[in-house]
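K.L.:
Here's a structure for you.
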Amino acid sequence: MVTLTPKAATEVKKIIAQESEPNLGLRVGVQGGGCSGLTYFLSLDKDQRADDHVLEEHGVKIYLDSKSALYLEGTELDYTDGLQGSGFTFKNPNAVRTCGCGHSFNA
């Protein structure tokens, strides 16, 4: 389904450590919007929903709803921190077109 690079997992763990809720996981999904049709979203969540796929990568629990799973199959989530900024990046083999910012795609 979705994989995290070790660098992305480390960053997610840092963010979770800053919260007062130790049992948080990373919710990864897509929603309509953006200049290419779909946008990625990330959030922290402590609860599994009925239609979630639950994965674990490098000690990080990942929640992925069934609809998003269709668009994110084989996607790698990475974290970059360079001169031009830092943040999470998606390498999605299902994207046929992406926005210049990398947060919007069409499948």
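A short reminder: the numbers here are calculations on the coordinates, not readings from a lab. For clarity, every value in this text was computed on a predicted model and none was experimentally measured. For neighbour counting, all protein chains shown are included, and Cβ atoms are generated from backbone atoms with ideal geometry for every residue, glycine included.
K.L.:
Would you mind ranking ASP52, ASP81 by Cβ crowding within 10 Å, fewest neighbours first? Let's see the in-between values first.
P.N.:
Details: ASP52 19, ASP81 10.
Taking fewest neighbouring Cβ atoms as first place, the list is ASP81, ASP52.
K.L.:
List, in order, the whole-Hz ³J(HN,Hα) value for each residue of region 49-56 obtained from phi through the Karplus relation with A = 6.51, B = -1.76, C = 1.60 and θ = phi - 60°; use x for Gly and Pro.
P.N.:
Running phi through 6.51 cos²θ - 1.76 cosθ + 1.60 with θ = phi - 60° gives 8, 4, 9, 6, 8, 10, 10, 9 Hz.
K.L.:
Would you grab the residues whose amide H sits under 5 Å from the one on THR75? Only those 5+ places off in sequence or on another chain, please, with H modelled 1.01 Å from N.
P.N.:
Here the answer is THR3, since their amide H atoms fall under 5 Å of that of THR75.
K.L.:
Moving to a separate point now. Could you give each residue of region 8-20 its phi-based ³J(HN,Hα) in whole Hz, using Karplus coefficients 6.51, -1.76, 1.60 with θ = phi - 60°, and x for Gly or Pro?
P.N.:
Each residue's phi maps through the Karplus curve to give 5, 4, 4, 5, 4, 4, 4, 5, 5, 4, 6, 8, 8 Hz.
K.L.:
When the helix-only estimate is applied to the chain (DSSP H runs of n ≥ 4, each -39,500 (n - 2.57), divided by the residue count), what is the mean residue ellipticity at 222 nm, nearest 500 deg cm²/dmol?
P.N.:
Numbers: 2 runs with 20 residues, N = 107.
Helices in the chain give a 222 nm mean residue ellipticity of -5500 deg cm²/dmol.
K.L.:
If the cut-off is a Cα-Cα distance under 20 Å, which lysines reach LYS7, setting aside same-chain residues fewer than 8 apart in sequence?
P.N.:
LYS61, LYS91
K.L.:
Provide, as a two-decimal number, the C-alpha radius of gyration of region 2-106 over 2.2 N^0.38 Å, N being how many residues it has.
P.N.:
Its radius of gyration relative to the 2.2 N^0.38 Å reference: 1.05.
K.L.:
Now for a different question. Students often forget the sequence filter, so: which aspartates and glutamates lie under 13 Å Cα-Cα from LYS46 once same-chain residues fewer than 8 apart are removed?
P.N.:
Filter leaves GLU19, GLU21.
K.L.:
Excluding LYS91 itself, calculate the net charge of residues whose Cβ lies under 11 Å from the Cβ of LYS91, where each Lys or Arg counts +1 and each Asp or Glu counts -1.
P.N.:
Details: positive: none; negative: GLU76, ASP78.
Residues close to LYS91 contribute a combined charge of -2.
K.L.:
First select every other residue whose beta carbon is under 13 angstrom from the beta carbon of ASP47; then total the charges, Lys and Arg +1, Asp and Glu -1.
P.N.:
On the way: positive: ARG27, LYS46, ARG49, LYS61; negative: GLU21, ASP45, ASP51, ASP52, ASP65.
For residues surrounding ASP47, the net value is -1.
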